[in-house]
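The values are calculated or read from the model by the stated rules, or taken from the named source; none is laboratory data. All of these numbers come straight from a predicted model, not from anything done at the bench. Counting neighbours? That spans all protein chains shown, and the Cβs are built from the backbone with ideal geometry, glycine included.
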Amino acid sequence: MRQVCSVLFLTMLLTAFAPHVYGDLAGLRQRQLELETARDKANPAVVAINDGMGFGTGVVVTADGIILTASHVVDSPQRFRSRRPRRIQAIFPNGETFDCSPLGRNRNCDAAVLKIIKRHAGQSFPFAPMGKSAEVRRGDWCFAMGHPGGRRDDRPAVMRLGRVQSVSDQTIVSDAAIVLGDSGGPLFDLQGQVIGIHSMITRVIVENRHVAVDVWHRDWGRLLSGDRWGKLRVNDDELASTSFVGIAIDWKDYRASVHQVRRGSPADRAGFQPGDNILEINGRTFADRLGFRSLLLRSGSGEQVTFLIQRQGQPKQLQLITGPKPQKRDDDSAPGVEERKYEREFQQQLSFKRRIGPNEKRARTVMRDYSELTQPSLGSIVQFISNGEQVALGIVMSRDGDVLTKASEIARATDPICVLADGSERSFRRIGSDTSWDLMLVNADGNDLQPVEWNTQTPVTGRMLISPDVRGRPMLPGVVGIPPTRLATSSQGFLGVRLGPNRGRNPPQIKSMMRGGAAIRDGLRDGDKVLAINGRDVYGNDDLVERIKEFAPYEQIRIKVLRPASNSIQSISVTLTPRFVSDREDAMLDHYYSEATAGKFASIHNSGFPEVIQHDTDLFPHQCGGPLLDLSGRAVGMNIARAARIISYAIPAIAVQKVYRDLREDGVATR
């Protein structure tokens, strides 16, 4: 659906420039080669796990069908409360499905083993070799694979690239992003060896917890025998700061440094000092806060605990006799000092301005390697500013000033300003928009702009990517997670309302409406009660949702509503849109879905596109609209939306060019 729009005139904004420093482009290309080789070796062994109640992931590590997965994938309380028989299946990438028998589980570490029940004697399975996590170092490159939502015919296992942030003898923390459904899936090194199994996440995308593969090496015989032990601990708190130990910890780059020692505490008596770096507890290493706390919890009150610390560069052992272990705090009680500090750190890490750690895939030293690729895009990218803040990027499509950008962000911006790479402004006029792709074509007056160079070859899973900023600097790295695919939401009609609570078969009431939705555009209001659609009565919220699903995008329907404000019944004609919001990916990640944070972490219009490349780039909504480059330095697509934790979308290059030609043809008469 296209529409011709009016002319805007703009004011001036200046942008400073920084010199470019080129890095190791040859090293990037070597990494790409290693990644592709490892992907091809690893992919056949990555299986979806289905027990009839949900999906997880696993990886086959022996030819006779031994599978590593996370214990919580096959060991959750909900599964044991179910009265249905527990049939566990492994689904291979080619769709072949095999029943599995659960073997041992080390719940302390979230490790489990399954065994495929073979169909015939001598059958072998593709498998991935197990590496050694003891040889893994901070900053090592790695990649995650998984089947979030289960295996699907229209995609391979989803792939994400990252680096190791921290490692211990039972945990690896990486910035290779994972999510619900990836649990139990493999973390690989660039040789295609399994170095970890996906376990947990936090709200911060660079904090992804994997069980170190050495956990299986240590307990292999016990796990194969079917032994099950331990308890999975999923919460971290301020245990160390209580009278149990008596120290306040500062965490930076996953290292624990003593910030304060409570006078008279066990730590004080043991000789701890501010500035001590804690390396081990009772001979065991830890990778993060949760691992640190889990080691402490293994000791009781009045027990001796041996700490290995580093003080002024020298190792030192301290013997501590623990104090009384605190009682479990009520969920409704006030958070402690350390917990409040932890929450502040989380909020800072959620910001796009957060500090980048030295071992992240977007560390400054890594970004320098991409500079030679992104520098040619200087002059091919513009930014749109509203109230002093960037709201979107845009791609130069022609020398005479045609620019494509993200329509919904420009439409909701107040008096947007178009700024070129040199910091100068241009007046621009809106030529047209295509709502199915959420693209807007504008023309920035002039005949001296530099069009972006496109690469129309289809990018495959694992292709390394870089998103540049308006000044041609590398901004965000990633890889193709899923090659170009059609989104199911593009064929689903969508009303664009949020419904209030409702019981039984009462008429659903509109609580609020989504920006850019059919409801707000065509005259529905907050508080309206939906009585009927196309003459058929509506009974309850679920009934309304199911009825809307019967219609296609751009189909016109008549909605009868009761408007409480005037106590009147009205019949309103509404033309549905595609479903432009994604389904919830994970219940714990509310900041992507909350009405209060709409447009801050996920794009308002983040789904419903006819075709997209899914990639793992950590985009923020205001960074959409720019080109997505591969290692050729050319654009394989246009970043169009951030949808969820591991889902960023780009429109493939061929589709971008077609929409541009259509919009230019439709709007040429109005220039």
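Below are the figures for this structure:
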quantity	calculated
Breaking point among (1) under 24 Å from the mean Cα position of the chain (by Cα); (2) surrounded by 16 or more Cβ atoms within 10 Å (Cβ to Cβ); (3) more than 30 Å from P126 (Cα to Cα), for V261	(1)
Residue check for I197: of a type in the set (V, I, T), under 21 Å from N43 (Cβ atoms) and in contact with a His (Cβ under 8 Å, 6 or more places away or on another chain)	yes
Among residues of the stretch 216-234, those that are buried (at least 21 other Cβ atoms within 10 Å of the Cβ) and either of a type in the set (F, W, Y) or in a strand (DSSP E or B) (or both), counted	1
Test result for D189, among the acidic types (D, E) and closer than 17 Å to M464 by Cα	yes
Scope the stretch 195-215; condition buried (at least 24 other Cβ atoms within 10 Å of the Cβ) and over 17 Å from the mean Cα position of the chain (by Cα); matching residues	I195, G196, I197, V211, A212, V213
Per-region count, the stretch 611-666, residues more than 13 Å from L465 (Cβ to Cβ), in contact with a Lys or Arg (Cβ under 6 Å, 6 or more places away or on another chain) and of a type outside the set (A, V, I, L, M, F, W, C)	4
Subset tally (residues that are surrounded by fewer than 22 Cβ atoms within 10 Å (Cβ to Cβ), under 17 Å from R498 (Cα atoms) and touching a strand residue (DSSP E or B) at 6+ places or on another chain (Cβ under 8 Å)) for the stretch 594-616	1
Selected residue (only one of S568, S582, S603 is touching a Lys or Arg at 6+ places or on another chain (Cβ under 9 Å) and hydroxyl-bearing (S, T, Y))	S603
The stretch 550-569, residues that are surrounded by fewer than 18 Cβ atoms within 10 Å (Cβ to Cβ) and touching a residue at least 12 places away in the same chain (Cβ under 8 Å)	E550, A552, Y554, E555, Q556, R558, L562, R563, P564, A565, I569
Conditions (1) among the β-branched types (V, I, T); (2) surrounded by 15 or more Cβ atoms within 10 Å (Cβ to Cβ); (3) under 22 Å from F352 (Cβ atoms); number of the one not met by V636	(3)
Failed condition for L439, given (1) closer than 16 Å to E611 by Cβ; (2) out of contact with any Leu (no Cβ under 7 Å at 6 or more places or on another chain)	(2)
Residues (within 30 Å of the chain's Cα centre (by Cα), in a strand (DSSP E or B) and more than 23 Å from D666 (Cα to Cα)) located in the stretch 418-429	V419
Test: residue in the stretch 487-502 that is more than 30 Å from A655 (Cα to Cα) and touching a residue at least 40 places away in the same chain (Cβ under 8 Å)	yes
Cβ-Cβ under 7 Å pairs, at least 6 apart or on other chains, the stretch 181-205 side touching a residue at least 12 places away in the same chain (Cβ under 8 Å), far side among the acidic types (D, E) and assigned to a strand (DSSP E or B)	I195/D189
Residue list for the stretch 116-141, restricted to those being part of a loop (DSSP other than H, G, I, E, B), among the hydrophobic types (A, V, I, L, M, F, W, C) and surrounded by 13 or more Cβ atoms within 10 Å (Cβ to Cβ)	I117, F125, F127, A128, V136
Matching residues, the stretch 631-650, being part of a loop (DSSP other than H, G, I, E, B) and small (G, A, S)	S632, G633
Those residues of the stretch 303-329 which are modelled with pLDDT under 95 and loosely packed, with under 12 Cβ neighbours inside 10 Å, in sequence order	Q312, G313, Q327, K328
Any hit, the stretch 150-170, residues being part of a strand (DSSP E or B), under 22 Å from the mean Cα position of the chain (by Cα), among the charged types (D, E, K, R) and at pLDDT 95 or above	yes
Qualifying residue in the stretch 246-259 (condition: in a loop (DSSP other than H, G, I, E, B) and under 24 Å from V173 (Cβ atoms))	yes
Selected residue [among the aliphatic types (A, V, I, L, M) and in contact with a helix residue (DSSP H, G or I) (Cβ under 8 Å, 6 or more places away or on another chain)] from L441, L420	L441
Per-region count, the stretch 269-316, residues of a type in the set (S, T, Y) and part of a strand (DSSP E or B)	2
Pairs with Cβ under 7 Å, 6+ apart, first in the stretch 125-136 and over 20 Å from G65 (Cα atoms) and without any contact (Cβ under 8 Å) to a residue 24 or more places away in the chain, second buried (at least 21 other Cβ atoms within 10 Å of the Cβ) and among the hydrophobic types (A, V, I, L, M, F, W, C)	none
Among residues of the stretch 524-549, those that are buried (at least 18 other Cβ atoms within 10 Å of the Cβ) and in a loop (DSSP other than H, G, I, E, B), counted	3
For A411: the one exception among (1) surrounded by fewer than 24 Cβ atoms within 10 Å (Cβ to Cβ); (2) of a type in the set (A, V, I, L, M); (3) in contact with a Cys (Cβ under 8 Å, 6 or more places away or on another chain)	(3)
From I466, I510, I520, residue being of a type in the set (V, I, T) and either in a loop (DSSP other than H, G, I, E, B) or surrounded by fewer than 19 Cβ atoms within 10 Å (Cβ to Cβ) (or both)	I520
